[in-house]
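Just so you know, all these numbers are worked out from the coordinates, no wet-lab data involved. For clarity, every value in this text was computed on a predicted model and none was experimentally measured. Virtual Cβ from ideal backbone geometry, glycine too; neighbours counted across all protein chains shown.
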Amino acid sequence: MEHNKILLISANTYGIPYKVYPIGVSYIKTYIHDHYPEWQVDLFDFNFNTYDSLRQQLLNNQYDLIALSLRNSDDVNYYAQESFMTHYRTICRTIRESSTTPIVAGGPAVSIFPQEISDYLGVDYVVVGEGEKVLCDLSIALKNGKEVGTISGIWKNQNSYEKTEYASHLNVRFESELATFYLNEGGMLNIQTKRGCPFHCIYCTYPVIEGKTVRTLDSKLIVENIKELSQIEKNIYLFFTDSVFNIHEDYNEELAHRIIESGVKIKWGAYFIPRNLNKKRMELYQKSGLTHIEFGTDSFSDQQLINYRKEFQFRDVVESTEICNQLGIFHSHFLILGGWGETEESLLETIQNSDQLENTIIFPFIGMRIYPNTELHRLALQEGKIENGNLLEPQYYLSDLISVDQLKKLTAQTKNRWVFPDEPHEEMIARLRKRKRRGPLWEYLKYQF
């Protein structure tokens, strides 16, 4: 019987707007323990550790495989444009200085930039898509000296790769120490109920990362995971990190009923599309613990929604907002200003239409981060905005037909609160965290001017 020893490294240290629990490595660790209970899996989180402590970890242990989880390549913020790649390369160099163990990299950033990250970091293997089964297959193959090139999900250093096999039964156990830390520091933990995205937004990478086919996870198992978590912490806030929560509504209702019937008390939030919100169904979600909705709205202009390939209109946004207000559910709208097709007219329409929404908070982002294998990438090349090349260094699409200079002045004249990415509010959130307030807490930003 094989006794593989694996080190899982969560590299993310970015804490804006809050520190994020490394749910990806928890899914992988749980999958390994459920399928190969004799294996040893250590978890190393850079929110707790340093390069020196990683070096010491490697000197004290001999691993069969080191897996590096990379959440984002940069901050996706037009104002700051902070890349995380230097940090990731320092991790890899630290590993190489202390160990000869093979390194495999995975996670959302790797699925978007497999070849670029492989070249930049000099890792031995990269995984595209889901990593649970792939990592196990890779570890077994390396242990037995077998060929790894046929493993589905391993990038083949070429322009095509085999589709990753999807795991059909995913369990997750939260690390006790990590759960307490992230609840206190970040105000929430995260969990998935679905993987995959069926929509066609021109800029979005979710279909690249998770695939276009939506797979619902076992609702009974999710509730069991939540119940286990409640044994660690009583004051629980969960964010369902599905690309869009309110699809497959029969499944969502089943999940909500199971949460209610379990008797476990949680508060939760999720990303919603502002379309087809049913008040009775929303009341059910609220009864199960729903307190916050983050709408991926992108624009309040119908023409711009068409340009972005969104599958709703502004009237849907108004109706969705009204339902949230009727039920007392905190809600926010995330916008992209100055993306493909934006004009001064559509921008002004978005700003003016915001006054048709009551008691909401608006998070506008400037420009669109250009990612490979998206429609925006094709359009940017077609218009000569970028040259065909490496997009690992952040590049943004900003419409030539608008001026961003007066945006803050114009939005300040509307009745709702607009929070731009360069606006500092960490101090206020930190004060609330010290009082053990859980959740995203952006509802408090309405009162900070």
Q | Residue order, fewest to most beta carbons within 10 Å, for Phe113, Phe46 | A | Phe46, Phe113
Q) Which ordering of Leu68, Leu121 is given by a fewest-first count of other beta-carbon atoms within 10 Å? A) Leu121, Leu68
Q. By what distance, in whole Å, do the Cα atoms of the range 188-447 stretch along each of the three principal axes, largest value first?
A. 55, 39, 34
Q.
For a quick size check, give me the Cα extents of the chain along its three principal axes, largest first, whole Å.
A. 64, 56, 39
Q | Cross-link pairs Lys5/Lys29; Lys29/Lys143; Lys287/Lys310 - those with Cα-Cα distance over 23 Å | A | Lys287/Lys310
Q: Name the long-range amide H neighbours of Gly439: under 5 Å, sequence gap of 5 or more, or other chain; modelled H, no Pro or chain starts.
A: Met188
Q | Full-stretch length increase - His33, Phe48 - with 0.36 nm per residue and alpha-carbon distance subtracted | A | 3.1 nm
Q | Translational diffusion of the range 293-449, µm² s⁻¹ [Kirkwood Rh, Cα pairs; Stokes-Einstein; 25 °C; 0.890 mPa s] | A | 145 µm²/s
Q. Share of antiparallel DSSP beta bridges in the range 1-142, in percent to the nearest 5?
A. 5 percent
